[in-house]
Amino acid sequence: MRRGKKIAALTAAAAAVVLTAGGCGVQSTGVNIAQTEPFGEPATSVPQSVSPSQYPYTVSVFLFSVYKGPGTMISRPVAKQPSAMDLPNELAQLSSDEQLNQYTTFVPSGITLKPTNQAHMYFVYSPTRLSALAQLQINCTFDQWWLQHPDGHNPSNRLFDPSTNEDTGWQDCKDGVVVPNAGSAAAAKPSSTPTAKVDTVG
């Protein structure tokens with residue numbers, strides 16, 4: 001399948017980039033490695049006595065790692081109950097433990113996704129153009145989210161950049177995503193295929 005070959009090529013490229021960066025200790029050029037500062041509430045506002053492992057919630061994010069393969073879904077402890085719209089910011093940052101384990105991300109800090117009038121289709125507002133690896137991270141992370149939080153729609157996702165009219169089309173992730181429980185009802189595909197003319201969100 002063409003999409004399977006594309007995902008395999010992307011993950012292989014990610015492995016090469018991550019291994020190069022991990023081997024020399026220097027970030028490779030031409031990719032947007034997210035900053036470690038959290039997006040939103042500063043880390044200093046969290047009581048120092050609280051360890052991330054003691055946080056009451058978790059969120060699944062798709063990262064790249066030298067040791068765990070080109071793409072890995074990990075469960076990250078978070079202090080507040082997450083929502084789907086928190087996922088881009090979670091992807092754009094790395095915890096100290098994740099950095100020590102040489103995880104990396106290609107999702108730029110400052111990215112915002114806004115829902116459209118179609119389920120699981122999002123407008124993308126990013127300070128830099130999203131690379132194919134960043135798109136893969138977002139699609140896999142959202143795919144996992146909707147498998148864990150079913151809403152009656154297929155977990156497929158679609159990204160649309162209003163500034164460039166770039167449209168990823170409906171995407172599914174096969175790498176690192178946990179299969180839903182057996183016996184769960186098949187979800188309906190998202191609403192009809194959107195046209196190029198979409199209502200922008202102010």
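Here are the criteria: (1) modelled with pLDDT of 95 or more; (2) touching a Lys or Arg at 6+ places or on another chain (Cβ under 9 Å). Tell me which single one residue 95 does not satisfy.
(1)
Looking only at residues that are part of a helix (DSSP H, G or I) and of a type outside the set (Asp, Glu) in region 97-126, which one is surrounded by the fewest Cβ atoms within 10 Å (Cβ to Cβ)? Break it down into steps so the answer makes sense when it comes.
Just the residues of region 97-126 that are part of a helix (DSSP H, G or I), to begin with: 97-100.
Within this subset, residues satisfying the condition of being of a type outside the set (Asp, Glu) are 99-100.
Numbers: 99: 11, 100: 9.
Result: 100.
When you go through 169, 202, 183 one by one, which is the residue that is touching a strand residue (DSSP E or B) at 6+ places or on another chain (Cβ under 7 Å) and either modelled with pLDDT under 95 or more than 24 Å from residue 82 (Cβ to Cβ) (or both)?
169
Please work out if residue 176 is modelled with pLDDT of 95 or more, part of a loop (DSSP other than H, G, I, E, B) and of a type outside the set (Val, Ile, Thr).
The answer is no for residue 176.
Check off (1) modelled with pLDDT under 95; (2) of a type in the set (A, V, I, L, M); (3) touching a strand residue (DSSP E or B) at 6+ places or on another chain (Cβ under 7 Å) for residue 124 and give me the number that stays unchecked.
(1)
Residue by residue through region 32-91, note down the ones that are at pLDDT below 85, of a type in the set (A, V, I, L, M) and in contact with a helix residue (DSSP H, G or I) (Cβ under 6 Å, 6 or more places away or on another chain).
Matches in region 32-91: 66 only.
Could you tell me whether residue 141 is in contact with a Pro (Cβ under 9 Å, 6 or more places away or on another chain), modelled with pLDDT of 80 or more and under 18 Å from residue 60 (Cβ atoms)?
Criteria met by residue 141.
Can you report the number of residues in region 127-157 which are surrounded by fewer than 22 Cβ atoms within 10 Å (Cβ to Cβ) and among the β-branched types (Val, Ile, Thr)?
1
The values are calculated or read from the model by the stated rules, or taken from the named source; none is laboratory data. Keep in mind the model is a prediction, meaning the values are calculated, not measured. Here Cβ is always computed from backbone atoms with ideal geometry, including for glycine, and neighbour counts include all displayed protein chains.
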